[in-house]
1. For A:A21, state whether it is open to solvent by 30 Å² or more (accessible area, probe 1.4 Å), small (G, A, S) and within 14 Å of A:F133 (Cα to Cα).
2. Select from segment A:241-252 the residues that are buried (at least 21 other Cβ atoms within 10 Å of the Cβ) and modelled with pLDDT of 95 or more and write down the one among them that is farthest from A:D63 (Cα to Cα).
3. Only residues that are among the small types (G, A, S) and in a helix (DSSP H, G or I): list them for segment B:104-137, please.
4. Being more than 9 Å from chain B (Cβ to nearest Cβ) and open to solvent by 20 Å² or more (accessible area, probe 1.4 Å) narrows it down to one of A:N332, A:N343, so name that one.
5. Do we have B:S135 as hydroxyl-bearing (S, T, Y) and within 14 Å of chain A (Cβ to nearest Cβ) here?
6. If B:L67 satisfies all but one of (1) within 23 Å of B:V175 (Cα to Cα); (2) exposed (fewer than 14 other Cβ atoms within 10 Å of the Cβ), what's the number of the condition it fails?
7. Which residues, counting only those in segment A:75-126, are out of contact with any strand residue (DSSP E or B) (no Cβ under 8 Å at 6 or more places or on another chain), open to solvent by 50 Å² or more (accessible area, probe 1.4 Å) and within 26 Å of A:V155 (Cβ to Cβ)?
8. Just one of A:K209, A:K238 is of a type in the set (D, E, K, R) and either at the interface with chain B (Cβ under 9 Å from one of its Cβ atoms) or surrounded by 24 or more Cβ atoms within 10 Å (Cβ to Cβ) (or both); which is it?
Number of protein chains: 2
Amino acid sequence: MNQLGQQGKRAARQLAQLTTAEKNEYLFQLAADLETATASILQANQQDLDQATANGIPEPMIDRMRLTENRIKEMAAGVRQVAGLPDPIGNVEKMWQTEDQLMVGRQAVPLGVIGIIFESRPNVTTDAASLCFKSGNAVILRGGKEAFYSNQALVNLMQQTLKNRKLDTGMIQFVSDTAHEIASDMMRLTEYLDVLIPRGGAGLIQRVKNSATVPVIETGTGNNHVYVDSYAQLEMAKEIVVNAKAQRPSVCNAIETLLVHEDIAPQFLPLIEQALTEKSVELRADQQALNDLETATLASEADWSTEFLDYILAVKVVASIDEAIEHINRYNSKHSEAIITDNYQNGQRFLKEVDAAAVYINASTRFTDGFKFGFGAEIGISTQKLHARGPMGLEHLTSMKYIVYGNGQIRE
Amino acid sequence: MNQLGQQGKRAARQLAQLTTAEKNEYLFQLAADLETATASILQANQQDLDQATANGIPEPMIDRMRLTENRIKEMAAGVRQVAGLPDPIGNVEKMWQTEDQLMVGRQAVPLGVIGIIFESRPNVTTDAASLCFKSGNAVILRGGKEAFYSNQALVNLMQQTLKNRKLDTGMIQFVSDTAHEIASDMMRLTEYLDVLIPRGGAGLIQRVKNSATVPVIETGTGNNHVYVDSYAQLEMAKEIVVNAKAQRPSVCNAIETLLVHEDIAPQFLPLIEQALTEKSVELRADQQALNDLETATLASEADWSTEFLDYILAVKVVASIDEAIEHINRYNSKHSEAIITDNYQNGQRFLKEVDAAAVYINASTRFTDGFKFGFGAEIGISTQKLHARGPMGLEHLTSMKYIVYGNGQIRE
C-alpha cells in the first residue's frame, strides 16, 4: 500500500499540472480503447461470473457484475461524457482586495490522491477513475474480490492508455491484493491518501467509518421518508410515494418509510395501498395505520431504521408535522426527505427543521442525483456534513488554495 | 463521553433553529457576564498558575496560561466581535432550475456538534465556543490539564449564561476528565461528533490525525518558505523575509526556511544576514549558502522539515525556480509559501505549482490569517484539503443542504 501511495502522490503532482485539453484527450482515447478491448474485457468478466456461479452467488448479484458489449459501450459513453464536462480546476470562485491591498483569490485545485473502496459493479472502475482524472486527482481503486478479474482488466487498460500517452501510470492504480488487511491498511494511509470514498452497502460504509483515519466521505445509505401532510393533494402524494418507493427500490434515494397525517390517513392509506400492491410492495405498518390497511403486517421497531432497498415500505400515522419531523430526524440517514403539502408554513418548516442532504416539497426523493441536479456526473451521494453533502460531481472532488498577489506587503 | 455526545446532539437541534438575533443576544450577554465574573475567573486561573509553578513549568508557558483583567476584557471583546459578524446560517449560495423544473437551492446549515481539543491558552475556550455558537453548532471543549481550572470556570460561566436564557447547556460543554483515554474516546465518537478540530502543537495534531475516526480538520503546523528569485527586488525581499521570520516567530504563518536563487545569493545573503542578526535570528545554511554567510552553521537534513517556531532560519541556495518548487513541495506542511520576484512567468508558475493553502507573490506569509483575509474571525488555519483549507472563519463551520421546491415531479 505504501508503494501505491508514493506512486499516487508523485503522479498526482504531474496530473495537477495537465491542461484541460490533455485530460480530455486521454479520456477520449480511453473511451476508444475500452471499445476496442471489448472482447478481452468480457473474457476477464467471464472468469468472475464463472467463479460466482461456482460459489453459488445469487443471480441478482451476478447480474450486477455482468458486463456485456452494450454495458462496455455505456461505460465508454460515460467516459466521453466526463471528458465533455467543464474542468473545475483553476477556477477562481472569488477574488477580493484586503485592507492591506493584497489581492486574494480562492482557486479550485485537485484534492490529490483519492482512494475508492467499492463493491461488485465493475463499471464503478472507469466511472470513478474518469471523474478523479478529470478533476486532476490520482486514484487508487480497491474493488470487491467478486469482480477482481474484471476490475483488473479495466485498470490494466486504463494504465496502458496512460503509458501510450507518456503519462505516469500512478495516476490510476489498482489494489490487486483483495485481503481484508490490505483494505484496512488503505484506510489508514494518511500519509498518501487525501480522501477515501467508500461506495457500497451499509456494511462497507460502517466498516470504513469505524476504521479509517484517512478523511472519509461517507456515501450512499438512504433511509428516506415521504411525509404526506394533512394539506396534501392526495393524487399527487400517491404518484410521488409510488415513484419514490417502487420505481427503483434498490437505490439509495428511494424511500423506506411513509408517514401520513392522521386527518387524511383513512382516505389516503387505502388509496396508496392499492397503488403499491399493484407494484408488489409489502407494507409494514404501525398499529394506527393497520386500521386503514388490509394487507399490511405490524411493523417492528427495527423497521423504522432499516434501509430495505426492496419492495417493502414501513408506514406510520402521525398526529402532527412535529411528530413527523421528530420521527425523521430520529431515524433517517440524513439523505433525502420529502413533504407533500399545499400548506406554505408546513412546507417551510419541513425544509428548515429536517436534517438531510436534500429536503423536498412536493417532489419525489428519487431526484437526489448528480445528473438530475444538473452536475453532469456523480461519484456518489455524501451523507456526511463535512466537505460535501448530497450528490457529488466534479467540483466536489476539488480543494482550494488562496492565491495572493502582493506588492511588498509586510505585517505590522 | 457518550453522554456529552447525546446532550450535544440534542442541543445542536435547538441551536440550529435559533434566530440570528437570539444568538447575538446570548453572545452580548456572555461578554457582559465574562467581565462581571473577572474576579472568580482570575481566582480559578491562579490555581492553574500555582500548580504550574509548583510543577516547574517554564515561564513562557506559564505566561501563555495567565489571565489578567485586561486579557478577560479582550476575551469579552472577542465575543462581542463574533456577535457582530454576519450569520452564515440560512444563506442560499445559489439556486437554479433543473431540467425537471425543480427549483434547487444550496443552503448553509450548521455542521452539528464540533469537538475542539486544545492546549494551554484558556482564551481558546470563549473564542472557539462563540464561533461555534454563532455558526449554530454545539461544541464540546477539551482543554489541556495545565489550564483545567481556568477552562472549567469559563465553561461554567458560559453554561450559566445559557441557563439564564433558558437555552440547553448541551450547546457548550466541557470534558472535565483530563485523562488521555478520554481524549481518545472523544476522537472516536463518530456517532455524535460531526467534526473534530485540534488546536495546538504538532504533537497534538499528529496524535489526533493517527487516532481519530471522527472527521478531523487539521490545523496549524506551518513549515513555510520564502523563495527569493533571481528577479527579486532585494530590498523588498529583505523586508519580507525579516517580517515573515522575526515579527512573531512562534506562530504558524511564520517562515522556517529561506530559499535563494544562486545568481543573487552573493549579494542577498550578506544583506539578509545583517538584517536577521539584528533580530537575533540564528541561521542554519546549506554548504553553498555558507560561502556567503559569516555566522551561519551547517544545516542538517532534519532542519528542512522542522517547524522551529523560534528565532532560527534554515537557508538554502537553489539553482533554479524548479529546484525551489521541488524543495518546497517536498518539505512544506502545505500552509503558506511566498516567492519574491518581478518576473511574471516565475510568479505565475509558483502560484500554480506550489502546493499550499496560501501562495504569495511579493508579500509576507504572515498574512495567512482569518482577520487579515477579511473573514472577521478565525477558528484555526486548516492544512488539509478536505472541507476547508487555510484560515477558517464562520462560513467554514457550516455544512449545506439542498432545498428543493417541486410541483408534483416524479422520476421517469
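The values are calculated or read from the model by the stated rules, or taken from the named source; none is laboratory data. The model shown is predicted, which means the values in this text are computed figures rather than measured ones. All Cβ positions, glycine included, derive from the backbone under ideal geometry; neighbour counts span all protein chains shown. Surface accessibility is based on the protein's heavy atoms, side chains included, excluding ligands, DNA and RNA. Shrake-Rupley method; radii C 1.70, N 1.55, O 1.52, S 1.80 Å.
1. So A:A21 fits the description; yes.
2. Here the residue is A:V241.
3. Result: B:A128, B:A129, B:S130.
4. A:N343
5. So B:S135 passes the test.
6. (2)
7. Hits for segment A:75-126 are A:A77, A:R80, A:Q81, A:G84, A:R121, A:N123.
8. Testing whether each residue is of a type in the set (D, E, K, R) and either at the interface with chain B (Cβ under 9 Å from one of its Cβ atoms) or surrounded by 24 or more Cβ atoms within 10 Å (Cβ to Cβ) (or both) leaves just A:K209.
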